[in-house]
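Quick note: the coordinates plus some simple rules give every number you see, no bench work behind them. Since this is a predicted model, take the numbers as computed values, not measurements. Reconstructed Cβ throughout: ideal geometry from the backbone, glycine too, with neighbour counts over all protein chains shown.
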Amino acid sequence: MQRPAIAILIAILLAPVARAEQPAVETFAIDDTTYGLQRPVWLYKSPGTTGSARQTYNLFVFLQSEYVNELAVPATLQKLVAAGEIPPTIAVVLDTSTERPTDIANRAKFDRFVTANLLPWLRAKLGRLPEPKNVVIAGFSVGGLTAAYIAYRHPDVFGNVLAQSGAFWRGNEGANDPPEWLTNELRNNPRLPLRFYIEVGSEETRRSPNGVIFVEANRRLRDTLAMKEYVFRYSEVPRNIHDPEHLRISGRS
């Protein structure tokens, strides 16, 4: 039986970071007509991904370039596929470093980029996309918020969300207010066919610009997901702060 994508997410997060023997990763540039730039993108295909229309594989879309090297996602995926722990997997990593956090946080403009540029590019490059239950969108900090926002807008494409230290305190369209906009949207609208893995450092206790304590915004998202009966897993990583490397390599209970 194939493991669901949310279980594969957990396997990736718990696996040791594979620093050696980095696998081959292709580099491309998407013609981003929304932001008016050539957006770097990295594509990793694990051994066994044939491109056949009948093949089942998992697709991960990461919204920050740190997932290529610092967080060693391709190497970790390669190790897990080789060990038979996960099926063939494709990972796409986007560079969003040219945008300020407010440029992508709950922004309709970034959603337009996904619709007009990213999804057509993915379909052209991969031939087809897997079913939503096999597609994960992921990010750290504002990228984690953006991953959840894009899945909220496109549950017909992205069925799973990984948000690491997601900036869920933010308002709509990159604003500070109203605070926790996306959490309120999820609370006040019908449940969507989405699964979530939310993790945050237990020491992320600073106040955001609108006064919301960072970790408490993640806890309120957790409570909302529970109330709406979403399938989710929530983790507070002990003694960790707003640092993707800390979240990636720390032990988990």
Less than 12 Å apart at the alpha-carbon level, and either on another chain or at least 8 residues along: which aspartates and glutamates does that give for Lys228?
Glu185
Whose amide H sits under 5 Å from the amide H of Phe60, counting only residues 5 or more places off or on another chain, with H placed in the peptide plane?
Ile90, Ala91, Val92, Val136
Please state, rounded to one decimal and in Å, the Kirkwood hydrodynamic radius that the chain gives when every pair of distinct Cα atoms enters the mean of 1/r.
18.2 Å
Please give the helix 214-227 orientation as an angle from the longest Cα principal axis of the chain, in degrees from 0 to 90, rounded to the nearest 10.
80 degrees
Those lysines that a straight Cα-Cα span of less than 19 Å connects to Lys125, excepting residues fewer than 8 apart in one chain
Lys45
Which angle between 0 and 90 degrees, to the nearest 10, do you get for helix 73-82 versus the longest principal axis of the chain when only C-alpha atoms count?
50 degrees
Highest mean first, how do 130-139, 103-112 rank when packing is the count of other Cβ atoms within 10 Å averaged over residues?
130-139, 103-112
Would you grab the residues whose amide H sits under 5 Å from the one on Leu162? Only those 5+ places off in sequence or on another chain, please, with H modelled 1.01 Å from N.
Ile137, Ala138, Gly139, Tyr197
Considering amide H positions built from the backbone, and no H for Pro or chain starts, which residues 5 or more places from Leu37, or on another chain, come under 5 Å of its amide H?
Asp32
Expected output is a single nm value to one decimal: the length gained when fully extending between Glu229 and Ala175, i.e. 0.36 nm times separation in residues minus the C-alpha distance. What is it?
16.6 nm
Order these by the 10 Å Cβ neighbour count, fewest first: Phe168, Phe28.
Phe28, Phe168
Taking the square root of 5 times each eigenvalue of the Cα gyration tensor, what semi-axes in Å does the equivalent ellipsoid of segment 120-253 have, largest first?
24, 18, 14
Can you tell which of Leu126, Leu182, Leu192 lies farthest toward the positive end of the dipole of segment 98-230, using +1 and -1 charges on the Cβ of basic and acidic side chains (Lys, Arg; Asp, Glu)?
Leu126
Mind pulling the angle between the C-alpha long axis of helix 142-153 and the longest principal axis of the chain? Nearest 10 degrees, somewhere in 0 to 90.
80 degrees
